[in-house]
Amino acid sequence: MTTDELIVLAVLAAMFAGLITRRVSPTVGVVGALLVLFITDVADQATALSGFASPAPATIAGLYVVAGAVERSGALRPLSRSVLGEGSMSIGMAKLGGVAAALSAVVANTPIVAMFIGPVSRWAQRRGAPPSRFLMPLSFAAILGGMLTLIGTSTNLIASDLVEAAGQEPFGLLEPARLGIPVVIVGMLIIVGLGPRLLPERGTVNNSTVERPFTTSLSVIDGGELDGHTVASAGLRQLGAVFLVAVERRGEITAPVSPEHQLRGGDTLTFAGQVDFVVELEKVPGLDLVVGDQILKLDDGEHAWFEAVIGAGSPLVGRTLKQSGFRDRYQAAAVALHRSGEGVSGGLGDERLHIGDSLLLVADAGFRERYKHRGDFLLIQRRSEPPPTASVHAKRSLLILGVVALLAITGLVGVMKAAVLGAAATVIAGALTPRQARDSVDLNVVILVAAAIGVGATADRSGLAARLANGLLDLTSSAGLWGLALGLVIATIVLTEMITNAGAVSLMIPIAIRAADESGGDARLFALGVTLAASASFLTPIGYQTNTMVYGPGRYHFTDYLRLGIPLTLVVAIITPLLMASGSGVW
């Protein structure tokens, strides 16, 4: 080995040791490795910065903004609600995986995963299950779905360009499915059947008890999704850490509420439960916050949630929110109320406030500074939840997402340009404010992808990547055409986890085509097999961006990915070489 190859090998070994032992985060580990390679002159300036000049970081950032608008508007809520439902969790997982895979076949899987992370986490927590059982399967299902079409993942597009550069026709829209269909079918069976059993519990939620329950009021929208439904058929009996306390209609209060109670437009529903879940009630289709008009006035991206405790000297004691003119007086909207010792059964606006009551408020960022030294509130704390976004943005955000997908599918513009245009349109159309757009982008993921591309380019430039790939080929080529295909697939999988899928496919496509020509194999199928293997990143959280996206929310450890990743990788390593050696794929 050359000196450069030895340095790259040592740096990669140290990086993976740090990531496996969780001494460093993925972003710190990969960026640190890139810095060491640059400082030691193994990577020149152009190579080190190649990832930041690549379309990938800008594409991911743009898609984060578009997906963020859809998530904040609640536009995905009806889909996630119908997909996940309140029935069996295994059925919900099967439906979730199927939808994620299907959507990822026609839309880049990054925004699909980004949009589902929040709903899936909340769904799992409502059911008393840890999100770690479902977020990794979500990412893996999206990866599998991307194997079915040319536009399912950027890796397929890169491979098509490389095949064309080698003198062959570029891949057709459905050509990846020649190898992808059986892999996706078997892979989905493993995800649904084994995923919840193999994955660990990280951050289990126990909803058997409700701490500090807050009470909030929502109205049934006249002619909306819940008008005319019973409480049970509306899905309001199984809300996990939130329960329906009472229903008010024309001044008459029904409490307790039976599952057969029929809802009518204009009914005021009073809920109690953990504050995080109370906040999410605003996104239930067919329900609207009683103070919804006030929320809309505050929906400018500059407001936040606050919890304010009423003290003995507060002018609010003994008065209702309506009587005190709360909104105009404090420039804040009261969304929920917590009271120790007794429940709150009436509408929030008509409830007389007591000493020690806690109000959940939406107010501007300066609310705490204005009132922390006054007697109106004994204590004011800012909470981390984002304020609700007006559902009027739902159609706009979905329209923008559809246009981005259409532009990418038809090839009218490149994927990066479509993502950037979509992000700009999101802000211009008012679906997100500039600050919300900025907050929607996970800079850790963007930087991680850019740095990983630079590390991969350095490994390629040093000659280490080619040496490792050819070494694996030498070990397996004696087994004939199947052995050669197996060596290509294994080499690609290893390189994908080391240097990202884009780097792996860039290196292995030329090797695969040359190997097929020399051995009498189908060069096109060999190129497809390498492309599919490059997308099969199931072993680490840094091999593919969707794995990185669920890493934090799922509270995973680096080695957790091996639990479900190894069976899926074996599926790819067994099925793909057999189809490559067959000379026809599935057709």
For segment 238-249, does any single residue satisfy the condition of being modelled with pLDDT of 85 or more, farther than 27 Å from GLY118 by Cβ and touching a Leu at 6+ places or on another chain (Cβ under 7 Å)? yes
Looking across segment 322-339 at residues that are part of a helix (DSSP H, G or I) and modelled with pLDDT under 85, the single one that is surrounded by the fewest Cβ atoms within 10 Å (Cβ to Cβ) is ASP328
So which of GLU225, GLU252, GLU260, GLU302 is under 28 Å from the mean Cα position of the chain (by Cα), of a type outside the set (Lys, Arg), at pLDDT 80 or above and in the same structural domain as GLU351 (by TED's automatic domain parsing)? GLU225
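This table checks each residue for (1) within 32 Å of the chain's Cα centre (by Cα); (2) in a helix (DSSP H, G or I); (3) hydrophobic (A, V, I, L, M, F, W, C).
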residue	(1), (2), (3)
ARG438	yes, yes, no
VAL449	yes, yes, yes
ILE453	yes, yes, yes
ASP460	yes, yes, no
ARG467	no, yes, no
LEU473	no, yes, yes
Screening THR546, THR540 for residues that are touching a helix residue (DSSP H, G or I) at 6+ places or on another chain (Cβ under 8 Å), polar (S, T, N, Q), crowded, with 22+ Cβ neighbours inside 10 Å and more than 23 Å from PRO182 (Cβ to Cβ) leaves only THR540
Return the residues of segment 428-466 that are among the hydrophobic types (A, V, I, L, M, F, W, C) and within 24 Å of SER73 (Cβ to Cβ); say none if nothing qualifies. ILE428, ALA429, ALA431, LEU432, ALA437, VAL441, LEU443, VAL445, VAL446
Among the candidates TYR551, TYR556, TYR561, residue that is buried (at least 24 other Cβ atoms within 10 Å of the Cβ), assigned by TED's automatic domain parsing to the domain that holds ILE181 and at pLDDT 85 or above: TYR561
Among (1) over 24 Å from LEU236 (Cβ atoms); (2) surrounded by fewer than 24 Cβ atoms within 10 Å (Cβ to Cβ); (3) of a type outside the set (S, T, N, Q), PRO119 falls short only on (1)
Output for Cβ contacts, cut-off 7 Å, separation at least six or different chains, first residue without any contact (Cβ under 8 Å) to a residue 40 or more places away in the chain in segment 560-574, second surrounded by 18 or more Cβ atoms within 10 Å (Cβ to Cβ) and assigned to a helix (DSSP H, G or I), reads none
Within segment 397-420, can you find the residues that are surrounded by 14 or more Cβ atoms within 10 Å (Cβ to Cβ) and either over 21 Å from the mean Cα position of the chain (by Cα) or charged (D, E, K, R) (or both)? LEU407, ILE409, VAL413, GLY414, LYS417
Would you please name the residue that is surrounded by the fewest Cβ atoms within 10 Å (Cβ to Cβ), looking only at residues in segment 141-190 that are part of a loop (DSSP other than H, G, I, E, B), at pLDDT 85 or above and over 26 Å from the mean Cα position of the chain (by Cα)? GLU169
GLY487: without any contact (Cβ under 8 Å) to a residue 24 or more places away in the chain, small (Gly, Ala, Ser) and part of a helix (DSSP H, G or I), yes or no? yes
How many residues are without any contact (Cβ under 8 Å) to a residue 40 or more places away in the chain and in a loop (DSSP other than H, G, I, E, B) when one looks only at segment 422-436? 2
Return yes or no: is VAL65 at pLDDT below 85 and either touching a Phe, Trp or Tyr at 6+ places or on another chain (Cβ under 6 Å) or within 30 Å of LEU421 (Cβ to Cβ) (or both)? no
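The values are calculated or read from the model by the stated rules, or taken from the named source; none is laboratory data. Every value quoted in this text rests on a predicted model; they were computed, and no experiment measured them. Cβ coordinates were reconstructed from backbone atoms using ideal geometry, including for glycine residues, and neighbour counts include every protein chain displayed.
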